[in-house]
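Right, one structure below, let's go through it.
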Amino acid sequence: QVQLAESGGGLVQEGGSLRLSCVASGRSFRITDMSWYHQGPDQERNEVARIKLGGAAIYEASVEGRFTISRDDAKKMVYLQMNHLRPEDTGTYYCKIHVWDMLSERYKDYWGQGTRVTVSS
């Protein structure tokens, strides 16, 4: 079983920065892609950044140039550096990892519990 724990959310003024972190724990799995999702108030959960095994990153248009996703495979961690934050970035951020489960020999997705970000104007 894989578990994810996120941290780093909070209250910040418009234009400020936050860094989110997510660590995976468990046994018998290999991480491939790692992602961050944003869910605003009364909105669907949308992927804002993804980093592939090897480091290639993809961003949703609204965060391109402001957010940076990175990973530390040795620590099983993924980060999201969020700069120039806007009120519309407010919401809950979830990390998701796509793993190869070595016991079941299949790919699986795991989600964190979410961390709340509030950007005040």
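The values are calculated or read from the model by the stated rules, or taken from the named source; none is laboratory data. Since we're looking at a predicted model, the values are computed, not measured. Cβ atoms come from the backbone with ideal geometry, glycine included; neighbour counts cover every protein chain shown. Note: areas computed on protein heavy atoms with side chains; ligands, DNA, RNA excluded. Shrake-Rupley method; radii C 1.70, N 1.55, O 1.52, S 1.80 Å.
The table for this structure:
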| quantity | calculated |
| --- | --- |
| Contour minus Cα-Cα distance for Arg19 and Leu103 (0.36 nm per residue) | 26.9 nm |
| Ser28 versus Leu53: modelled label distance in nm, points set 7 Å from Cα along the beta carbon direction | 1.8 nm |
| Furthest towards positive pole of dipole, Leu53, Gln43, Ala74, structure part segment 4-80, Cβ charges | Ala74 |
| Fraction of accessible area attributable to carbon and sulfur, the chain (%, probe 1.4 Å) | 45 percent |
| Contact order normalised by residue count of the chain, Cα under 8 Å, 6+ apart, percent | 36 percent |
| Charged-residue dipole, Cβ positions (Lys, Arg, Asp, Glu), the chain about Cα centre, Debye nearest 20 | 440 debye |
| Among 73-86, 35-48, 55-68, the order from most to least packed when residues are scored by Cβ within 10 Å on average | 73-86, 35-48, 55-68 |
